[in-house]
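Reading through the structure tokens given below for one structure.
The values are calculated or read from the model by the stated rules, or taken from the named source; none is laboratory data. None of the values given here were measured: they were computed from a predicted structure. Neighbour counts are summed over all protein chains in view; Cβ atoms, including those assigned to glycine, are modelled from backbone coordinates with ideal geometry. For the accessible areas, the whole protein counts, side chains as well, though only heavy atoms, and no ligand, DNA or RNA atoms are used. Shrake-Rupley method; radii C 1.70, N 1.55, O 1.52, S 1.80 Å.
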Amino acid sequence: MVLGVTGGIAAYKSIQLARDLTRLGAEVQVVLTRSAQKFVAPLTFEGVTGRPTLTDLFSAEGAALHIRLGREADVICVAPATADFLARAAQGRADDLLCTTLLATRAPVVLCPAMNDKMFSHRQVQANLEHVHTELGYSVEGPVAGALAVGEGEGPGRMIEPSQIVQAIGRALGRSPDFTGRRVLLTAGPTQEPIDPVRYVGNRSSGRMGYALAEAAWRRGAEVTLVSGPSSLDAPYGVSIVRVGTAVEMDRAVRDVIAKMDVSIFAAAVADFRPTDPKGSKVKRAASPEGLAVHLEENPDIAKGSRDVRKPGSIAVGFALETDDLIENARGKLERKGLDLVVANDATEDGAGFGTDTNVVTIVRPDGSTEPLPLQSKAEVAEEILDRVGALLADRSGG
Ligand code: CTP
């Protein structure tokens, strides 16, 4: 890939970006503009990528350097992208190595603008962004609101973080026709059902499987909504997240959006029961010397309850975390909840279930077939599940 760096203070973060991308296995060819070199040195990037940094359109590498870079790149990312660079990219200028390479490529291009917030909101900058996005098809990621270098301004101007840029590059590379433009809903994490203001009934779900699915679906080009119970994980970049606490709140959030969804994946570990009568103030030890009984009532079954409100022809996927009779139970859930696939896993198996980074799952289908998958990371399991969902989507749209 080509990583273009232009002259803004956020260029210091691009060193980390170049390093992260290299560690992920990318061959990162860095191109610095003249003003970028006022902020960061070519040698710094060479140190983290192991490849000489390019700066000149006319160099010892030969006159056709930009043609070779443009042809060989699988993706081009410019981070930070300054106001001046955006103006030149919008005009199709060919006055330095980076802009010329953009003209010479047909690879996807990801731009990560960064500048003062007043500059960013200027009509001309906005017009340039609009042009590179809608006319030239470049992805524009960020900027976001947050602390800017010259401690002033509260509007958007700050470059997105290197880890988020990595995700955006992944999306530029990973788009698949089955998912591009599709709406995907995920439920994830546990729910917490209050006993009193400080205590709850819950479970050990970390949310990792659902978050991995949300991240992977976005990378494939989907518009993703993640309805998440309490989880310590960061919201995946690009995904629209709705945070909820209880099963009833999760049910409401799902009902609000599900009619528009092409795919719904129910990965949340919803608490099946909630305290019937949550107390308004903390239950004191002295008030219950005989012990404390908490009566529980049933929560809504979110997956099942959504059957009649799902978009016709959409795909629904559920999970079944079991300790006994895995396949039998998974088949029952497929039918009861009107699902197209159930991802079954055995909570007692090593490397499966809550709190681990890995999972061992079996895909169960309505025709009764079962497909066991090997032990893999949750990120890999997410890709496997989406491969199968993508095939179902392609089938339904006659593809
Ligand atoms: N699910 C849901 N709402 C619930 C319970 C479960 O949407 N109140 C979804 C889960 O997200 C999962 C699937 O249904 O996709 C199966 O969840 P699981 O807890 O295994 O099933 P239950 O219906 O609770 O059945 P049981 O308690 O008998 O195992």
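One table, with the values for the structure above:
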read-out	value
C-alpha long axis of helix 208-219 to longest principal axis of the chain, angle in °	40 degrees
Solvent-accessible heavy-atom area per residue, rounded to whole Å², over the stretch 2-174 at 1.4 Å	48 Å²
Choice from 101, 49, 276 showing the highest fluctuation, given a GNM over the chain with Cα pairs closer than 10 Å	276
Cα-based reach from residue 311 at 19 Å (exclusive), listing aspartates and glutamates while leaving out same-chain residues under 8 positions away	178, 223, 251, 256, 262, 301, 335, 340, 395
Ellipticity estimate at 222 nm from DSSP helix runs (n ≥ 4, -39,500 (n - 2.57)) divided over the chain, nearest 500	-9500 deg cm²/dmol
Relative pair counts by distance (%), Cα atoms of the stretch 2-174, 10 Å bins	11, 42, 38, 9, 0
Between helix 162-174 and the chain: long-axis angle, C-alpha atoms, 0 to 90°, nearest 10	90 degrees
Convex hull volume per residue for the chain, taking Cα atoms only, in Å³	185 Å³
Per residue accessible area of the stretch 209-274, 1.4 Å probe, in Å²	37 Å²
Residue with peak Gaussian network fluctuation, the chain [Cα springs, cutoff 10 Å], from 337, 282, 311	282
Percent carbon-and-sulfur accessible area, the stretch 2-174, ignoring ligands, DNA and RNA, probe 1.4 Å	52 percent
Among 355, 332, 280: highest mean-square fluctuation, GNM of the chain, C-alpha pairs under 10 Å	280
Order by protection proxy (mean Cβ within 10 Å, highest first), peptides 376-385, 164-173	164-173, 376-385
Heavy-atom accessible surface of the stretch 183-396: percent carbon and sulfur, 1.4 Å	47 percent
Rg to Rh quotient for the stretch 183-396, alpha carbon positions, Kirkwood Rh	0.99
